[in-house]
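Any read-out appearing in this document is the output of simple, stated calculations on the displayed coordinates, not a laboratory observation. Note that the coordinates shown come from a computational prediction; the quantities given were computed from them, not determined experimentally. Cβ atoms come from the backbone with ideal geometry, glycine included; neighbour counts cover every protein chain shown.
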Amino acid sequence: MGRETALRRLAKGDNVIVIGSGEAKGRALVDRVSSPNLHFLRADLSSVAEVERVVREVSDRHESVDALALFANRVNAERVETEDGLEATFALYYLSRYLLSHRLRPVLDASENPVIISVAGVGVTAGRVHWEDPQLTAKYGRVRAQLQAGRANDLLGVAFAEEGGGRARYVMYHPGFTRSGLDGVANPVVRGAVKLAARFFARSVAESARPVVDWIDRPPAAPLTAVDRGRPVDPALRTLDSADAARLARYTETLV
């Protein structure tokens, strides 16, 4: 979906920076498009230092940023610890979004109509932040880690919007089952089953990315917008609790 969004925005004449950990894939995209408006920035976004480097490079090169679209996620069958001592799913799927949203705020505020779009699982109520062990040192599971980071991203959007003081609107978007990233499933049997199901039940990448592309042109007026598969999400949902959002923000600041 990130690649689709980048290509669609390039077609509209935008200057686009694609950030990713895969040097070969990034260079292949740049070579394929062959546009001076496309820039690839290689970075491991599960690393706090790497995210801070990205922020410096983007801020040094550009006086303003109109849109920040957040897609990064990776499923790990076993618990992986980053160089910062953090559980990798939490670090990549949640913490990188927290850092990019906050650290790029000055260049976003310099834009006339800035927007941040976080593609995750808003509207899903399964899972929670495990306050007693957020890094899942005692009990790790790939689904447990994904759900926790997804709920953390819900709370990130709530806290960001409630903090105020910035111009960027925050959009949380759950596209639903999409034919995107299916090759990243490690188990070949599971991967085959998921791909088969996707042929019949998943949305196309273009269809799922369309709202992201449109929000960049026309950001919502509200400080926070949450959309689950085309439907607005009830802000009273327990996964969007303001107190939990503030608690997570405090915990996150102790990490960074």
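Side notes on the structure shown:
- In the range 111-122, residue nearest to VAL143 (Cα to Cα) [restricted to those that are surrounded by 15 or more Cβ atoms within 10 Å (Cβ to Cβ) and more than 15 Å from the chain's Cα centre (by Cα)]: PRO114
- Residues satisfying the stated conditions in the range 235-256, i.e. exposed (fewer than 11 other Cβ atoms within 10 Å of the Cβ) and part of a loop (DSSP other than H, G, I, E, B): ALA236
- Matching residues, the range 54-79, being under 26 Å from GLY150 (Cβ atoms) and assigned to a helix (DSSP H, G or I): VAL54, VAL55, VAL58
- Residues satisfying the stated conditions in the range 71-99, i.e. under 13 Å from ARG142 (Cα atoms), surrounded by fewer than 15 Cβ atoms within 10 Å (Cβ to Cβ) and among the acidic types (Asp, Glu): GLU78
Okay, residues lined up against (1) under 16 Å from the mean Cα position of the chain (by Cα); (2) small (Gly, Ala, Ser); (3) under 27 Å from ARG218 (Cβ atoms):
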{"residue": "THR5", "(1), (2), (3)": "yes, no, yes"}
{"residue": "ALA11", "(1), (2), (3)": "no, yes, yes"}
{"residue": "ILE17", "(1), (2), (3)": "yes, no, yes"}
{"residue": "SER21", "(1), (2), (3)": "yes, yes, no"}
{"residue": "ASP60", "(1), (2), (3)": "no, no, no"}
{"residue": "ARG74", "(1), (2), (3)": "yes, no, no"}
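- Applying the criterion of being within 18 Å of the chain's Cα centre (by Cα) and touching a residue at least 24 places away in the same chain (Cβ under 8 Å) to the residues of the range 129-146, the residue that is farthest from ALA77 (Cα to Cα) is VAL129.
- Filter result for SER111 (in a loop (DSSP other than H, G, I, E, B), within 24 Å of MET1 (Cβ to Cβ), among the hydroxyl-bearing types (Ser, Thr, Tyr) and touching a residue at least 24 places away in the same chain (Cβ under 8 Å)): yes
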